[in-house]
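This report refers to the structure that appears directly beneath it.
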Amino acid sequence: MSRSNFLTGIKSTGRPHLGNVIGVIYPTIFLTKLTKNEKFQNQLILIANLHSLTNFKYIKNNKNNAYKILAVWLACGIDYKQFIFYRQSDIPEVTELLWFFSIMYPYNRLRLVHSFKENVKKKQIINTGILTYPILMAADILISKAELVLVGKDQLQHLEIARQIAKKINNIIAKKIFPLPQAIVIENLIPGTDGTKMSKTKNNIIDLFASKKEIKKQIMKIKTQKQFEPNKVLKDNLYNIYIRLAGKENKEKIKYNFQMGYEHAKEELYKLIINKFKRERTLYKYYIKKTKKLETIFQKGAKKMKQIVNSTIYEVRKAFECN
Ligand code: TRP
């Protein structure tokens, strides 16, 4: 069996939250342990520190935010020597691919992408980077010829664009440079405090690595129904968050906590979170201070990544007679 590359990525917009940990970090650790040395040739973890810049507020702290992401991966117990951690900006070939890919994709179709349309609704000024966001992501994916890409559901459309671009290039140059990447999507995600997908921009996150006081505040913010109704429990957002963390086997205990009132249930959920992630919280505090070590991991990652991208970029330049 030929071994393929695995890739996942997180945009550097601050410390990863509970949704990232449950939706990306734990599944990556689980999956790569499961397939140990059998399936993947390279296991790549990208810090998308160019994608973050489409929102100017993330220019400041962009460097530190990349460290924070790595520190959270380490705190969650990843065996980092088995992975290549790299920052997007350390591999300028990615932005070179962005150009070759841009000419391959119709502008009108980019305007129909969900994430773009959402931005149009929210913002007055839309920079070109927001439009070409999916193309940069296609470059991230195809530059390493990754065949398996772990993403959230909301990223599936972007992955489809990467597949379309791969097909088109292979077609035009009549050579199979790129394999078609497949998505691994984690279902059963944990909802945000307002019941929609957990996301920093929606201000509905639970930040596992914040101060206890801050975590408590976030939990107290969780929207609930006016009154607890035992037979409508599945519609209850607080219940959904709680059960996702406590596990189905604790259903009865959770229901009991709800019967004692929402306030009590939130208090118990808070205790559960602090307890469950005690080790991770301690480790995070340790790693985030080790900037030198974090930087070394990125430098080593960039070096290995260069070797992986070299042959791809050589093939692409040649195909476009830019060699
Ligand atoms: N756009 C992704 C997100 O916001 C992050 C990302 C950028 C990514 N490039 C990637 C994820 C490549 C997987 C592969 O979640």
Of Y286, L70, L50, farthest towards positive along the dipole that unit charges on Lys, Arg, Asp, Glu beta carbons give the chain: Y286
Tell me, how many Å apart are the Cα centres for the stretch 273-314 and for the stretch 237-259? 34
Would you mind checking the stretch 10-35 for residues with the amide N under 14 Å from a putative spin-label position 7 Å along Cα→C-beta of Q82? 26-35
In the stretch 1-42, whose amide N lies under 16 Å from the spot 7 Å out along Cα-to-Cβ of N55? List them in ranges. 10-20
If R0 is 56 Å, what FRET efficiency do you get for S211 and E321 from their C-beta distance, rounded to 0.05? 0.50
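Considering only protein heavy atoms and a 1.4 Å probe, what is the carbon-and-sulfur percentage of the accessible area of the chain?
Carbon with sulfur: 52 percent of the solvent-accessible area.
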If the label point is 7 Å along Cα→Cβ of K176, which residues in the stretch 138-157 have backbone nitrogen under 11 Å from it? none
Restraint check, K63/K117; K11/K304; K226/K278; K122/K223, Cα-Cα greater than 25 Å: K63/K117; K226/K278
FRET efficiency estimate (nearest 0.05) - Cβ-Cβ, F30 to I103, R0 41 angstrom: 0.60
Listed by chain and number, the residues whose amide H is under 5 Å from that of K221, excluding neighbours fewer than 5 places away on the same chain and using placed H, are none
Accessible area in square angstrom per residue, the chain, 1.4 angstrom probe: 53
With each pseudo-label sitting 7 Å past Cα toward Cβ, what's the Y314-K235 distance in nm, one decimal? 6.2
When only DSSP loop residues count, what GluC sites (Glu not before Pro) in the stretch 128-234 have their Cβ near at most 14 other Cβ atoms within 10 Å? E187
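What is the extension gain from N275 to S199, computed as 0.36 nm multiplied by their sequence separation minus the C-alpha to C-alpha distance, in nm to one decimal? Could the numbers behind the result be given before it?
Numbers: separation 76, 0.36 × 76 = 27.36 nm, distance 2.32 nm.
Full extension from N275 to S199 adds 25.0 nm.
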May I ask you to rank D79, D140 by accessible area, largest first, using a 1.4 Å probe over the protein chains only? D79, D140
K306 versus I126, label points 7 Å from Cα toward the beta carbon: distance in nm? 3.8
What length, rounded to one decimal in nm, is gained on full extension from I184 through to M260, with 0.36 nm per residue of separation minus their alpha-carbon distance? 23.4 nm
Between K285 and M220, what is the label-point separation in nm under the 7 Å Cα-to-beta-carbon projection? 2.2
Too-long pairs where the Cα-Cα distance tops 25 Å, listed order kept, from K121/K266; K145/K306; K81/K303: K121/K266
Using just the helices of the chain, give the 222 nm mean residue ellipticity in deg cm²/dmol: DSSP H runs with n ≥ 4 each add -39,500 (n - 2.57), and the total is spread over all residues, rounded to 500. -15500 deg cm²/dmol
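The values are calculated or read from the model by the stated rules, or taken from the named source; none is laboratory data. Everything numeric here is computed off the predicted structure, so don't read it as measured data. All Cβ positions, even for glycine, are placed from backbone atoms using ideal geometry, and neighbour counts span all protein chains on display. With ligands, DNA and RNA removed, areas are computed over all heavy atoms of the protein, side chains included. Shrake-Rupley method; radii C 1.70, N 1.55, O 1.52, S 1.80 Å.
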